[in-house]
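What follows draws every value from the coordinates through simple rules; no lab data is involved. What you see is a predicted model, and the numbers here were worked out from it, not measured in a lab. A quick note on method: Cβ atoms are made from the backbone with ideal geometry, for glycine too, and the neighbour counts reach across all protein chains shown.
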């Protein structure tokens, strides 16, 4: 038997395009004499559909696609993910299902049992968990079907769940395990995914075909990386990341533990390279799927705006990115020269709009109201908001989208101005720590100097007052990022972090800054998610609270 994995990039609710992608993949599989093609979880509607699932019309359109695909299954078996109505009054209205289509009709519907309700996932809001487990029979083979999370509770070792769906179905002695998945990217996930896949094969001693979707859905990025493992637990193939791919495999070779010229093995995963590719994917799909094409941003010559400019240019093309340089009386000479050199390296047109005269006019206008009060953060924030007004005016007039350049370190501690440098339509670096930004910059410069070397080596500064440096207000990023990682990603409290050797006062200061800045993060644009714990839907903290960590 020949089996095809169809790793595709869907758009949520774009039923016509999703259906055509799948029909094209089916035709390609038929050309390769495939007997069974596998699509990903909820492929007909795209993942995650969220509250679209509450609309009856949305479910009807999902079923219309399933019925169309069934008509295409005359000579090939199809496994495809779609929501299914729950016929029982008790429980949720829907199941998250895998449809087995063959010989022109729906042969069997299998449901997902483990419904993740953590981080960015909220499946129990919509779906009823499966309580019955079955296999399919295709071309003389007994095949176990699981959906995404169902394979992650290997041997019932996850205390979040009370059952292991794969254990349940193994009593029917399948010869092959298939998983339909929609598993979002983060920079550690590809390695974790292979570990879990290998654990499944080690436990059940049968090959595994794992089909993941690729492409970005707003802030969530899906890397693909679909897998085939033989019964010995070796990775027979790992599909490429962040691209669509349709590949067909000879099952008898995999069952025999053979390696052919088609057995490609695992990809090497350099973190900076993976994050870079993920961000490109996120930018491209946000624009393409939204019907957008052109972007602008404030380019200061600092590493954050510089990296955002490079990413946007690589994702959208130089003709679609127009940076605006907005020097003030506090801007250093190299801020302009570095920015201009970057634009030259990338082939970008840019504008220079100085803000000193606008700023002076604001101060003159506000002086009678401010009275004798000394200068403070007000004047710094005013500069950031003037720049934001210029950028938004340009966006409105030229029909561009503003890219936000704030990094995760700054967003975490509130080192940014609401309605100033924190505004925008999409947050590019909001899930990338400052220290990671330098790693990505060096990765981009690995073969030739695209990013001016001075942008990487100079001390970070907002340049909102004479001689200002980020380190005047924040701990050094090399220390700050380690504390933030333990608090945000690892959910460690101050006692645990201090026990790791960090200074007691520094830890309490940093954690207080993070908690105090929650109101700012609630008002920022969607942030492309590349880490295990990003700001946004995956981290839900109250704005008003009095939880004092000790």
Output row, site residue 459, 7 Å Cα→C-beta label point, backbone N cut-off 16 Å, window the stretch 326-352, residues 331-335
Row for the stretch 93-211, column shape: gyration tensor on C-alpha, a ≥ b ≥ c, rounded if a/c < 1.5 i.e. under 1.5, prolate if a/b over b/c, else oblate; value oblate
One would report the antiparallel percent of DSSP beta bridges in the chain, rounded to the nearest 5, as 55
Protection proxy (average C-beta count within 10 Å per residue), highest first, orders 227-233, 176-182, 239-245 as 176-182, 227-233, 239-245
Tilt, helix 504-516 to longest principal axis of the chain (alpha-carbon atoms), in degrees rounded to tens, equals 80
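Length gain on complete extension for the stretch residue 75 to residue 23, per 0.36 nm per residue less the alpha carbon to alpha carbon distance?
On the way: separation 52, 0.36 × 52 = 18.72 nm, distance 1.31 nm.
Net length gain for the segment: 17.4 nm.
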Taking 209, 185 and counting other beta carbon atoms within 10 angstrom, the fewest-first order is 209, 185
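Relative contact order for the chain: what percent, with Cα pairs under 8 Å and sequence separation of 6 or more?
Working: 1075 pairs, mean separation 63.3, N = 550.
Result for the chain is 12 percent.
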Longest principal axis of the chain (C-alpha) makes with the long axis of helix 356-370 (C-alpha) an angle, in degrees to the nearest 10, of 70
For 292-299, 9-16, ranked highest to lowest by mean beta-carbon neighbours within 10 Å, the order is 292-299, 9-16
With Cα coordinates, the longest principal axis of the chain makes an angle with the long axis of helix 434-444, in degrees rounded to 10, of 70
One finds the C-alpha centres of the stretch 1-41 and the stretch 483-539 to be spaced, in Å, by 41
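Using the Cα gyration tensor of the stretch 274-521, with a ≥ b ≥ c the square roots of its eigenvalues, what is the shape: rounded (a/c below 1.5), prolate (a/b larger than b/c) or oblate (neither)?
On the way: a/c = 1.62, a/b = 1.09, b/c = 1.48.
Judged from the Cα gyration tensor, the stretch 274-521 comes out oblate (a/c at least 1.5, b/c at or above a/b).
What is the fewest-to-most order of 431, 93 by other Cβ atoms lying within 10 Å of their Cβ?
Working: 431 30, 93 17.
Listed from fewest to most nearby Cβ atoms, that is 93, 431.
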Going fewest to most other Cβ atoms within 10 Å around each Cβ, 289, 469 line up as 469, 289
Most packed first (mean Cβ within 10 Å per residue), the peptides 41-50, 214-223 order as 214-223, 41-50
A student applying the Cα gyration tensor rule (rounded when a/c is under 1.5; otherwise prolate if a/b is larger than b/c, oblate if not) would label the stretch 2-262 rounded
Matching label for the computed Cα extents along the principal axes in Å, out of (i) 85, 52, 47; (ii) 99, 93, 47; (iii) 78, 60, 47, is (i)
Summing -39500 (n - 2.57) over every DSSP H run of at least 4 in the chain, dividing by its residue total and rounding to the nearest 500, the 222 nm mean residue ellipticity is -11500 deg cm²/dmol
